[in-house]
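Chemist: Below are the structure tokens for one structure; questions will follow.
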Amino acid sequence: MNAHPSSASSFADGTRDAPPAALWLPSSGADSDSGRWALPHHGAAAQTARGLVARTVAEWPLACGTVQDILLVVSELVTNAVRHAEPPIFLGIRRTGKGRVCVETTDGGERGGLRRAETSGDPDEHGRGLVIVDCLSVAHGCRIAEQGTTWWAEFAEDR
């Protein structure tokens, strides 16, 4: 597996370039307005995803608050994919050209039914991920297909 070609650098959150487990996937119109990766299906996937997205949006004209919202939602979506779905996990981000940024995760499908707020465990740690996505994004949703489930969220570039 190859990581996205780039120089080794550190970011404000302490992340470095993607570990070899994250595979950069070229998109049809590969440019600086999008990114797409295959992520490992393990607990460190959310941290890896945050680093990849932070690097991708660093040159985009986004408000700091928008970047922070995007990073938090990416973390929630990837964490949900690791906890509630089968592998593989794919992460994508793109500028839509309509003043919006869209992030999405696609996973290998549900493990035992639809995702919903968890009813057991500490409410301070579980069950609020999709509520956070709802609060921070301007739109979000889910597409279910035979090949897997895609969870997406859109953000206004000028928030």
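Chemist: Of the conditions (1) modelled with pLDDT of 95 or more; (2) assigned to a helix (DSSP H, G or I); (3) closer than 18 Å to ASP107 by Cα, LEU72 fails just one. Which one is it?
Modeler: Checking LEU72 against (1) modelled with pLDDT of 95 or more; (2) assigned to a helix (DSSP H, G or I); (3) closer than 18 Å to ASP107 by Cα, the one that fails is (3).
Chemist: Hey, another quick one. Among the candidates ASP17, ASP13, single out the residue that is in contact with a helix residue (DSSP H, G or I) (Cβ under 7 Å, 6 or more places away or on another chain) and at pLDDT below 90. First the steps, then the outcome.
Modeler: Details: ASP17 fails: in contact with a helix residue (DSSP H, G or I) (Cβ under 7 Å, 6 or more places away or on another chain).
One residue alone meets the criteria, ASP13.
Chemist: Let me ask something else about it. State which residue is modelled with the lowest pLDDT when the search covers only region 113-147 and only residues that are polar (S, T, N, Q) and open to solvent by 60 Å² or more (accessible area, probe 1.4 Å). Before you say what the answer is, go through the steps one by one.
Modeler: Applying the first criterion (polar (S, T, N, Q)) to region 113-147 yields 119-120, 137, 147.
Filter again for open to solvent by 60 Å² or more (accessible area, probe 1.4 Å), leaving 119-120, 147.
Numbers: THR119: 39, SER120: 42, GLN147: 84.
The extreme case among them is THR119.
Chemist: Within region 80-112, how many residues turn out to be part of a loop (DSSP other than H, G, I, E, B) and either open to solvent by 50 Å² or more (accessible area, probe 1.4 Å) or charged (D, E, K, R) (or both)? So that I can check it myself, show each step before the final result.
Modeler: If we filter region 80-112 for residues that are part of a loop (DSSP other than H, G, I, E, B), which is where we start, we get 86-88, 96-99, 108-109, 111-112.
Then drop every residue that is not either open to solvent by 50 Å² or more (accessible area, probe 1.4 Å) or charged (D, E, K, R) (or both), which leaves 86-88, 97-98, 111-112.
Going through region 80-112 one residue at a time, the tally reaches 7.
The values are calculated or read from the model by the stated rules, or taken from the named source; none is laboratory data. It should be emphasised that the depicted structure is a prediction, and the values quoted were computed from it without experimental measurement. Reconstructed Cβ throughout: ideal geometry from the backbone, glycine too, with neighbour counts over all protein chains shown. Ligands, DNA and RNA are excluded from the accessible area calculation, which covers all protein heavy atoms including side chains. Shrake-Rupley method; radii C 1.70, N 1.55, O 1.52, S 1.80 Å.
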